[in-house]
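The values are calculated or read from the model by the stated rules, or taken from the named source; none is laboratory data. Source: prediction; values computed, not measured. All Cβ positions, even for glycine, are placed from backbone atoms using ideal geometry, and neighbour counts span all protein chains on display. All accessible areas refer to the heavy atoms of the entire protein, side chains included, with ligands and DNA or RNA removed. Shrake-Rupley method; radii C 1.70, N 1.55, O 1.52, S 1.80 Å.
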Amino acid sequence: MQRILFLCVANSARSQMAEGLARRVLDGIATVSSAGSQPSRVNPYAIQAMAEIGIDISTHTSKSVAELNAADFDVVITLCAEEVCPVLPGRVQRMHWPTPDPARTELDDTPEIVSQRFRDARDEILSRILGYKEMLTRGSLVGENMAT
């Protein structure tokens, strides 16, 4: 069973959604965790976006990458886009799936616009996880950086 870690800065949105999605999609294929370089709390919009598709991440907590050991994982997938991604030092396969931060603040933000950004991020991450699952099941996952 593959051990996967999803990383972003706050471990509040993208990596939390990725953890919830991957646990569902990769059940029996991988164990999944998430962390961040500046952990905060799980974003309520992330909880809402995941609940819309029947995945409950309301009990998830933000975790620090500083508390983790690379030897505990086979693959680290970073989800940062504009910001500097956290790093987990050590020998591990690394992948980067740049995903814009749905929690970013913009001038025209309304609750509906923010909710849609979270849905878009969720759907983009889900698509990548489904592609990853296909490669895992075909046994064709190779290379150090898969930016799909």
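Here are some notes:
- log10 of Debye I(q)/I(0), alpha-carbon scatterers only, for the range 1-92 at 0.18, 0.25 Å⁻¹: -0.74, -1.30
- Added length on full extension, which subtracts the Cα-Cα distance from 0.36 nm per residue, Val87 to Thr137: 15.3 nm
- Listed residues Asp74, Asp108, Asp123, most fluctuating in the chain (Gaussian network, C-alpha, under 10 Å): Asp108
- Computed 3J(HN,Hα) for the range 13-30, one whole-Hz value per residue from the Karplus formula 6.51 cos²θ - 1.76 cosθ + 1.60 where θ = phi - 60°, is 9, 4, 5, 5, 5, 4, 4, x, 5, 5, 4, 6, 6, 9, 4, x, 10, 8, glycine and proline marked x.
- Whole-percent carbon and sulfur share, accessible surface of the range 12-129, 1.4 Å: 52
- Modelled label reach - Leu107, point 7 Å along Cα→Cβ, the range 59-95 residues with backbone N closer than 11 Å: none
- Remark on the chain: Cys8 stand apart, with no other cysteine beta carbon under 4.7 Å.
- Relative contact order computed over the chain (Cα-Cα under 8 Å; 6+ residues apart), in percent: 27
- Take the range 1-81 with all the other protein chains still there, run a 1.4 Å probe, and you get 40 Å² of accessible area per residue.
- Residues in the range 80-97 that a label on Ala71 would reach, taking backbone N under 16 Å of a point 7 Å out along Cα→Cβ: 89-93
- Considering helices alone, the calculated mean residue ellipticity of the chain at 222 nm is -11000 deg cm²/dmol, with DSSP H runs of length four and up weighted by -39500 (n - 2.57) and normalised per residue.
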